[in-house]
Every structure is written in C-alpha cells, then in structure tokens.
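Worksheet: one structure, shown below.
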Amino acid sequence: MEVSADRGRPSARECAGLVGGGLAARLRERTTRSGPWWADGLALGAFLVALADLCGDLTMVDGDVWNSYTPWVIGSVVLFLALLRGRLWVALPVALLEVYQINRSLIGGDSVLHVVPQFGPDYGTGETVIRYGAVVAALVILAVLAVRGSFRPQSRSWWWPIVVAIVWAAWHTHLPMGAHDVTLCSADDVCHVARVAVDVPLFDLARTGLTILLLSCGVWATAVTRDLRWALAGAFFLFTSVGVHASLVPAGNAGPVILVTVFRGLQIALVAAMVVTARRGARARA
C-alpha cells in the first residue's frame, strides 16, 4: 500500500482495496476447507432462512416479553445461534420441533406422544410446510454428511446479528404510502366516505432491501471464487420465501404491488447472475 508523503493515512480507495482483498482471500479459503460446495451452499441457505425467520419472529414479543409466542421465539434464537456457530446437532432437533409446531394443525393430535407442548404460531399452510420442511431436509442431509465425515459445519461471523438489529429497529418505523377511501357507517346506518392513510411498515422494506443487499454480496462472492455455493444458498432462500412479502401489500393500493414484483424480480435476477458467473468461471478453468 502506498501512502503519499503529505498525508499520514491511506485513501478511502486504498482502504476499500485492502478490505475487499482480505474478504476475497477469506472466501477463497472457505471454498477449499468446507467440504462439497453444494453442502456448504445448503448450510448457508438454511442459515439465511433461520436469520429471516428470527427477524420476523422477534416482532411477536414486541411490548410483551413473555407471552404464548415466547417459547417459539426462544427456539428461533437457538436455531439461529446454532447455525451461526456451526452446531448442527443442536440446530436439527430445534428445526424438527419448529416444523411440527407451525404445522401441527395439518399433522393432527394434541401433541407428539402427549409429550411436546403446543406453543407458537400454527399456520399449517403450504408455504410453512415448504419453508420449514426444506430447512429440516437440508439439516438432515448435512447431518448424514457429517456422520460420514465428508462435511464439517463451519462457524460464521458474529457480524450477522447486526442484520437482526437493523430489522428490529425498522419494525418501529412506518412509511406513508398515500391514502384510499373507505366507507364508514354508524349504528344508525348513516354512512360517509373517509380518507384513510396507508402506511407500509419499514420492517418489510428493510427486510427486502437487506435480502437484495445480501444477494448482491453473493454475486460478488461468486465473481471472486467462481463457485456455485452462493447461488445454491440464494436459490434455497428464495424457494423457501414464497409469499413472505405479502404483508407489503395493503388493500386498495396498487403501488406496493408493483414494488413487491420489482423486488422479487430483482432477487431472482441476482441469483441467476450468480449461476451465470459461476458457470463462466467453470468453463474458463476447463
């Protein structure tokens, strides 16, 4: 690194180059010591889903630290931390418990063998079956590989909880998105039209924006390593995220619908860019 004689510190460009070079070296090192690329991609994808779920689940205890959802949120925290530190055998039973709890109306019965208590949300939809079932399936595959000795879970940076903090702060902020007319009627059947403001939670926009940012980082990581694991992680995350942006759309307002479509299309385009970049790198090496 060069530093001119008339200043005692490097420029912003030089600092960015140093940071980028260090991150690139760390990414290349990870691709050589974490086992099969697809296994590491599955692990990263499951971690991203756990991260997104924790960001959403924390809103369940907002203003009320202990309620019926608190055990569920504790489970989300444990799952996130277990995957953050590469504790696969801690994460797998927690993921199994979550997939049962959130789909218990489909499974039936008061509890599993009358031992596991019921707590947390009970959606029982196709989306939750896919989302939580895919995480369990990924962890089962990784567990089999770990037993065979062909995969060793890696710990991740403690910087990741910053994402949770950002989304948590965004939960308390709303953005005005115009207004629409509603008809209000009194008990005497006297009706009038009122203009009602429409607010979009910054929580959802922040979550979508961070998703785009992380996928953009995945494109950069793919360009540096020419490896498909980042594309697999991004594709896994998007596959399990069908419908999670529906809360962005308020009734009677078409603007956010277009916004959601654009965001979703951009996310798909970023994953496609990872695939194309990695395949070009593979052809170049061949």
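Read-outs: derived from the displayed coordinates by stated rules, not from any lab. Computed from a predicted structure; not experimentally measured. Reconstructed Cβ throughout: ideal geometry from the backbone, glycine too, with neighbour counts over all protein chains shown.
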Note to self: Quick check on region 132-181: take the gyration tensor over C-alpha atoms, sort the square-rooted eigenvalues as a ≥ b ≥ c, and tell me if it's rounded (a/c under 1.5), prolate or oblate.
What the structure shows: oblate
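Could you tell me the calculated FRET efficiency between V147 and V77, based on Cβ-Cβ distance and R0 = 25 angstrom, to the nearest 0.05?
Efficiency for this residue pair is about 0.40.
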Item checked: Packing-based ranking, highest mean first, of 77-83, 270-276, 190-196 given that Cβ atoms within 10 Å are counted -> 77-83, 270-276, 190-196
Note to self: Given points 7 Å out from each Cα along the Cα-Cβ axis, report the I268 to D189 separation in nanometres with one decimal.
What the structure shows: 4.9
